[in-house]
1. Kindly write out, for region C:235-243 in residue order, the coupling ³J(HN,Hα) from the Karplus curve 6.51 cos²θ - 1.76 cosθ + 1.60 (θ = phi - 60°), rounded to whole Hz, with x marking Gly and Pro.
2. Taking only Cα atoms, what is the 0 to 90° angle, nearest 10, from helix C:178-210's long axis to the longest principal axis of chain C?
3. For A:K62, list the lysines whose Cα falls under 20 Å from its own Cα; do not include residues on the same chain fewer than 8 positions away.
4. Please list, ordered by chain and number, the residues whose modelled amide H lies under 5 Å from the amide H of B:N26; skip anything fewer than 5 residues away on the same chain.
5. In terms of the Cα gyration tensor, with a ≥ b ≥ c the square roots of its eigenvalues, is region C:13-124 rounded because a/c is under 1.5, prolate because a/b exceeds b/c, or oblate?
6. Which of A:Y35, C:Y207, C:Y168, A:Y81 has the fewest other C-beta atoms within 10 Å, and how do the rest follow up to the most?
7. Among C:L190, C:L412, which comes first, second and so on when ranked by fewest other beta-carbon atoms within 10 Å?
8. Applying 1/(1 + (r/R0)^6) with R0 = 56 Å to the Cβ-Cβ distance of C:A477 and A:T66, what FRET efficiency is obtained, to the nearest 0.05?
Amino acid sequence: MSLSQWVPLVVLFTLATLFALFSVTIAPYIGPRRYNKAKLEAYECGIEPTPTPPGGSRFPVKFYLTAMLFIIFDIEIVFLYPWAVAFDSLGMFGFVEMLLFIVTVFVAYTYVWRRGGLDWD
Amino acid sequence: MHPVIPYVLAAMLFGAGVYGVVVRRNAVLVLMAVELMLGAVNLVLVTADATMRLHTGQTLALFVIVVAAAEVGLGLAIVLQLYRLRRSIVTDDVGAEPASAEGEEEPVKVVA
Amino acid sequence: MNDIQLPAIDYAALLPMLIVFGAACVGILVEAFAPRGWRFVIQVSLTIGGLVAGLVAIIVNRDLEITTIGGAVTVDGPGLFLQGAIIILGIVSLGLIAERRLERGGPFVAEAAHAANSDGDKRQEREPGATEVFPLTLFAIAGMMLFCVSGDLLTMFVALEVFSLPLYLLCGLARRRRLISQEAALKYFLLGAFASAFFLYGVALLYGYAGTVSLTGIREGVLQSEQSGILLAAGLALLAIGLLFKAAAVPFHVWTPDVYQGAPTPVTALMAACTKAAAFGGLLRVFNVAFETTAWDWQPVLATVAILTMVVGSILAVAQTDIKRLLAYSSVANAGYLLVGVVSLNGAVGSSLFYLIAYGFSVLGAFAMVTLVRDSEGEATHLSRWAGLGKGSPLFSALFTFLMLGFAGIPLTSGFTSKFALFSSAWDSDQSVLVIVGVLSSVVLAFPYLKVVVLLWLNPPGEETPTVSVPSMLTRAVIFAGVAVTFVLGVAPSFLLDIVADAGPFLAK
């Protein structure tokens, strides 16, 4: 494989780096400076920062529970993509198999729901 | 094309993961190091697919992702539980005390 | 994209696993919907029903030999035998898991989410234990069954995780000694995740080498592949590390004593009997089917591991002062004897299967008896507390002595016949060095067992000797099964030896 194939990529990276450096360095000099409370706060994700519990900056355990449940159920979706791509050729067989898979996931979901895993309070 | 670069990269990632598991003393970081190792596995699988024009490896990679997620969910639950017991997830401390010290544990107030 | 061939599925071959997995899913629904008071009864009957139905399905399938779902599952003689062994040992250990008379509410914690010694934890001490353990056990057993009949490494990996994840959880659910129980869970989990990453990397490298993950495909790939042999060697080594971890072979055994000690004793029994059977089922299948043709390359390495395992396991067992840790190191040493069977390849498959059954029943009986020796703190596992139990509880001590003699390999017990069968078939496969080391190490290993026997009968009782509790029918049945099988297989092993001989070799095409 010749190196010439990589030239456009290198050029793109260089341009991107230059542009980033340029905008970061020049902005403080030419931009207007109007500060307010929101602008001075630490940036987390655009939403108001989560109020931390008194006596320390630890998050309530509920966040972890919800996050773990979210990860587990979210990742199950991965199996739906290849099925969706090959849906036509898999036909009824694939449909039934996927239905069985979803039923199995739903069993776990029912357990979480009934035992209060989804209750916030 | 000989896929030496991805294989070497995967080996380095895997090595970094092994190093992390061996050196790190924080259970969550150990878990992250294991995830790094699984990332290396996925890289090898996809590389093998790309060079040999196969599909099995990609399927396997999906399974690896899903199982890794389940593993992390369960692992975080165990780590969290231990943290609530001991206020520490430093793996060196695990099992450092004899079983009889159990009664002396301060009850941990759970923030929830 | 129209070239997808739908795999042929032989539902009869999968039926045992489908039944057990199905029962586990129903068990979760029971947890979700059944009223609290009814859960225990429903779960126990569901679990036993599911396992017995699975066993019946295996017996109906007994002559089946088929590769199905596109090579993902290979049902053959040894596979079916292992499945049956796991299910039977699982049913027996269920007796310990469901025991509720020895301890108010059973051996498991009611709400694991309570921090140990917190107010909530003190309140729940009198509540009945969590019934989630039954679906978790079913999932673990079903995963082990799938592990033994996996036709490719992908299925094997998924099965490995399916049986490992519930076991990690079960380890952390002890009612007493919550802290070391949860520490055991964390250790087992972190090291287990580490080991399965090795397993997977091995799978990936072998896939890069052979272009397939099916065991038979790798067998053919070894002869044809144009890839570098380094991929094969590294892949095989990493794969073996993952499997040897589950089998508790030295140097991958460090988790064993801590986890065996910290886990609730019924779960320890389940791990010692069923997980051992599953791990060696997987090892035997991988090495006999995928790597038989490269045996010259790996046999010396695996033989070294076997020698290390036998020697280290038996020597460290001598130094133990806790009965659960002693049994843990004895299980490490027994893993070494079983590895001799793996190294001997096809010649020793049958005797390895026999050994798994014999050892499984003895160890279940032994752990069942460990649950009986109690004081106000729960189980008294320190050996010094066992001194002089023979005076007050002669029947208990006699039965425990019998099991210990069985482990030590005294004639008229299954420990003797199983070791004899294993070592003689290994000898016939020209593994004479391994056999000599094995015999010598089993002599060393006899010492700690006899030490326990001496302690029971000859030592004077300590100041506060724990009492031997009277269990319900469940634990009695487990002890009876353990002792009876240890005796029957010691006196009349031929019927089981015939069955394992009928099971034949692993299906390698």
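All of the numbers you see were taken from the coordinates with simple rules; none came from a lab. Quantities reported herein were computed from a predicted structural model and do not represent experimental measurements. Don't worry about glycine lacking a Cβ; one is built from the backbone with ideal geometry, like all the others, and counts go over all protein chains shown.
1. Couplings: x, 4, 5, 5, 4, 5, 4, x, 6 Hz.
2. Taking the Cα atoms of chain C, the angle to C:178-210 is about 10 degrees.
3. Here the lysines satisfying the reach criterion relative to A:K62 are B:K109.
4. Sorted by chain and number, the residues that satisfy this are B:T91.
5. On the way: a/c = 2.63, a/b = 2.39, b/c = 1.10.
Taking the square roots of the gyration eigenvalues as a ≥ b ≥ c, region C:13-124 is prolate.
6. Working: A:Y35 7, C:Y207 30, C:Y168 26, A:Y81 10.
So the residues, fewest neighbours to most, are A:Y35, A:Y81, C:Y168, C:Y207.
7. Numbers: C:L190 23, C:L412 14.
Placing the least packed residue first, the sequence is C:L412, C:L190.
8. Details: r = 43 Å, r/R0 = 0.77.
Here the calculated transfer efficiency is 0.80.
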